[in-house]
Every structure is written in C-alpha cells, then in structure tokens.
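**Q** So that we are looking at the same thing, I have put the structure below in structure tokens.
The values are calculated or read from the model by the stated rules, or taken from the named source; none is laboratory data. For clarity, every value in this text was computed on a predicted model and none was experimentally measured. Virtual Cβ from ideal backbone geometry, glycine too; neighbours counted across all protein chains shown.
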Amino acid sequence: MLWLLFALGSAFFAGITAILAKIGIQNINSTLATAIRTIVVLIFSWLMVFVVGSQNEISRISGNTLLFLILSGLSTGASWLCYFKALKLGDVNKVAPIDKSSTVLTILLAFLFLGEPISIAQVAGVLGIGVGTLMMITKKETDGTKTQNKGWLLFATLSALFASLTSIFGKVGVQNVESNLGTAIRTVVVLVMAWLMVFITGEQKDIRHIDRKGWLFLFLSGLTTGLSWLCYYRALQDGPASVVVPVDKLSILVTIVFSGVVLKEKLSRKAAVGLLLILAGTGAMLPGSV
C-alpha cells in the first residue's frame with residue numbers, strides 16, 4: 001500500500017503546481033513558461049536519479065520500454081502546453097475540473113489496452129466525475145468573456161486527452177525501469193518538445209521581459225511538478241493505473257482551496273456541488289480496486 005501514499009503525495013504537489021503556475025504565467029507566454037518550468041523539472045528528476053543510483057540502468061533499458069517512455073513524454077508535453085495555455089486564458093477553478101476529468105478516459109484506456117477491470121463502483125465514479133465537471137464549468141458568464149472562455153475550454157479538453165494518454169504510456173514505460181529514471185527520461189522529451197515550440201513561435205525573445213516574481217513562481221511550480229511526477233510514477237510502478245490516476249486527481253481539491261485563498265477565485269454553489277460529485281466519484285473508484 002506504499003504506492004497509495006505516493007499517489008496522495010502526487011495529488012498534493014500537483015494541486016499546488018496549478019496555483020504557482022497561474023501566478024507565474026500572468027505576464028509570460030504560456031509556451032515559454034512551460035519550457036522554462038521544464039528545465040527545473042529536468043534538473044530535479046535527474047538529481048533524484050543519481051541520488052538513488054539508477055543511472056547505471058540506462059544501458060539496460062529495452063527499445064520497447066524506451067519507445068513508451070518517449071510516447072509518454074510527448075503526450076505529457078502536449079498536455080502541459082495545452083494546460084498552461086488554458087490557465088493563461090481561464091480561471092483555475094474552471095480549468096482544473098476539465099483537466100482532472102482525464103480520469104474517465106484513462107480508466108477506459110486502461111481497460112482496453114492494459115486489461116485492468118472496470119468495477120460497478122468505478123462506473124458510478126465515472127458518472128459522478130462527468131456530471132460534477134459539467135456543473136463546475138457551465139456557470140453563466142456575465143462579464144463579456146464568452147469568446148475567451150471557449151478558448152480555455154478547448155485547451156483544457158486537449159490537456160485532459162493528452163494527460164490520459166500519458167498515464168497509459170507511462171504505465172507501460174515504467175514497468176521495466178526504475179521509476180525515477182523513467183521520469184527523468186520522459187522529462188528530456190518534454191524539454192525538447194517545449195523548447196522546440198518556443199523557437200518555432202519565436203517566443204524566446206520574451207525571456208528578458210520576465211521579472212523576479214515570474215522567475216520565482218515558475219521555479220516553484222517546476223519544483224512541485226517534479227515532486228508530483230516522482231510520486232506519481234513511483235505509484236504507477238506498483239499500483240494499478242485505474243486506482244492511481246483517480247487518487248492523483250484528488251489534487252483538484254487542493255487546487256480549488258488554494259485558488260480561493262491565494263487567487264480569490266469564487267466558487268458558486270452549483271460549482272461546489274459539482275466539486276463534491278467529482279470527489280465522491282473519485283472515492284467511489286477506490287474501494288473495489290484497493
């Protein structure tokens with residue numbers, strides 16, 4: 001059951017990451033911010049590799065394992081780029097529910113490709129998450145930002161899609177490799193992908209405009225992302241993806257609480273009920289599988 005503790009740790013750090021990143025990208029292009037954050041995650045992840053001494057296992061990684069680690073890294077990079085673009089455009093308490101709804105697709109993909117069974121409790125959980133997510137994002141807009149909200153919704157949805165693929169590829173990729181090493185290899189792929197996007201769009205010139213506050217919060221969000229990743233893929237290595245993923249998605253509670261305290265984002269009564277449904281749906285998935 002140690003993997004469950006790692007999954008909870010992943011949820012906590014992921015929840016904090018969303019808030020730190022939201023503050024860090026306020027005056028920065030989201031793609032550039034993603035690329036900068038990834039440098040921090042890369043340094044942290046490889047530091048952990050050398051701390052546990054798993055660097056010697058690189059030569060023993062099979063081609064199949066490396067392929068799935070690369071695919072996981074590519075899907076992670078795509079998810080990040082979409083997620084932080086969505087955070088740039090929309091409120092955290094709206095973007096987070098969409099991103100966390102990737103649980104639904106992950107469970108389906110885990111059933112189809114990994115052979116993990118789907119229990120009646122998980123079906124009920126999926127319904128709870130789906131209905132709760134809709135309740136959290138369908139608030140009427142009265143401030144004339146309807147067009148903008150369509151933008152964040154698209155990017156948040158794409159983020160959820162790529163996040164679900166990340167979980168499946170990651171589960172396969174870490175089966176035969178030490179989890180810290182697997183995370184570090186994936187981060188290299190994400191870094192290359194993010195900076196490639198930066199140079200394609202010509203956003204590297206905006207680095208000089210980042211102030212101290214921006215650098216600080218980008219660094220902190222990168223650090224918490226690294227901690228979340230290390231916990232998450234350690235949990236995936238020993239636990240079933242259909243349970244680890246829902247537990248990790250409990251980060252939405254951390255995110256919503258901090259978005260209210262730090263960012264002063266208000267949660268409507270309808271959205272609060274939706275949050276409870278998401279939490280209930282997430283909890284419903286655990287008993288039969290754990």
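**Q** Which residues, taken from the stretch 71-110, are at pLDDT 85 or above, touching a Ser or Thr at 6+ places or on another chain (Cβ under 9 Å) and closer than 23 Å to Gly128 by Cα?
**A** Answer for the stretch 71-110, where residues must be at pLDDT 85 or above, touching a Ser or Thr at 6+ places or on another chain (Cβ under 9 Å) and closer than 23 Å to Gly128 by Cα: Tyr83, Asp91, Val92, Asn93, Val95, Ala96, Pro97, Ile98.
**Q** Now for a different question. Of the residues that sit in the stretch 133-163 and are more than 19 Å from the chain's Cα centre (by Cα) and at pLDDT 85 or above, which one is surrounded by the most Cβ atoms within 10 Å (Cβ to Cβ)?
**A** Among residues in the stretch 133-163 that are more than 19 Å from the chain's Cα centre (by Cα) and at pLDDT 85 or above, the one surrounded by the most Cβ atoms within 10 Å (Cβ to Cβ) is Met135.
**Q** Name the residue, out of Leu275, Leu263, that is touching a helix residue (DSSP H, G or I) at 6+ places or on another chain (Cβ under 9 Å), buried (at least 17 other Cβ atoms within 10 Å of the Cβ) and touching a residue at least 12 places away in the same chain (Cβ under 8 Å).
**A** Values: Leu263 fails: buried (at least 17 other Cβ atoms within 10 Å of the Cβ).
On inspection, the qualifying residue turns out to be Leu275.
**Q** Hey, another quick one. With the condition kept exactly as written, say whether any residue in the stretch 10-23 is of a type in the set (Phe, Trp, Tyr), crowded, with 20+ Cβ neighbours inside 10 Å and closer than 23 Å to Arg208 by Cβ.
**A** no
**Q** May I pose another question? Checking Leu109 against (1) under 30 Å from Val189 (Cβ atoms); (2) in contact (Cβ under 8 Å) with a residue 60 or more places away in the chain; (3) not in a loop (DSSP other than H, G, I, E, B), only one condition comes out false. Which one?
**A** Leu109 satisfies all of (1) under 30 Å from Val189 (Cβ atoms); (2) in contact (Cβ under 8 Å) with a residue 60 or more places away in the chain; (3) not in a loop (DSSP other than H, G, I, E, B) except (2).
**Q** For the stretch 225-243, which residues satisfy the criterion of being polar (S, T, N, Q) and modelled with pLDDT of 80 or more?
**A** Residues of the stretch 225-243 that are polar (S, T, N, Q), as a first pass: 225, 228, 237, 242.
Result: Thr225, Ser228.
**Q** For the stretch 164-181, what are the residues that are over 15 Å from the mean Cα position of the chain (by Cα), of a type outside the set (Val, Ile, Thr) and over 11 Å from Leu114 (Cβ atoms)?
**A** Correct list: Gly173, Asn176, Glu178, Ser179, Asn180, Leu181.
**Q** In the stretch 1-96, which helices (runs of 4 or more DSSP H) lie fully inside it and hold 2 or more residues that are free of Cβ contacts under 8 Å to residues at least 60 places away in the same chain and either touching a helix residue (DSSP H, G or I) at 6+ places or on another chain (Cβ under 7 Å) or not aliphatic (A, V, I, L, M) (or both)? Walk me through it before giving the result.
**A** Working: elements: 2-24, 30-52, 63-89.
Passing ranges, in order: 30-52, 63-89.
**Q** Residue check: is Val123 among the hydrophobic types (A, V, I, L, M, F, W, C) and either under 20 Å from Phe258 (Cα atoms) or within 14 Å of the chain's Cα centre (by Cα) (or both)? I'd like the intermediate steps shown before the answer.
**A** On the way: among the hydrophobic types (A, V, I, L, M, F, W, C): yes; either under 20 Å from Phe258 (Cα atoms) or within 14 Å of the chain's Cα centre (by Cα) (or both): no.
When the stated conditions are applied, Val123 does not pass them.
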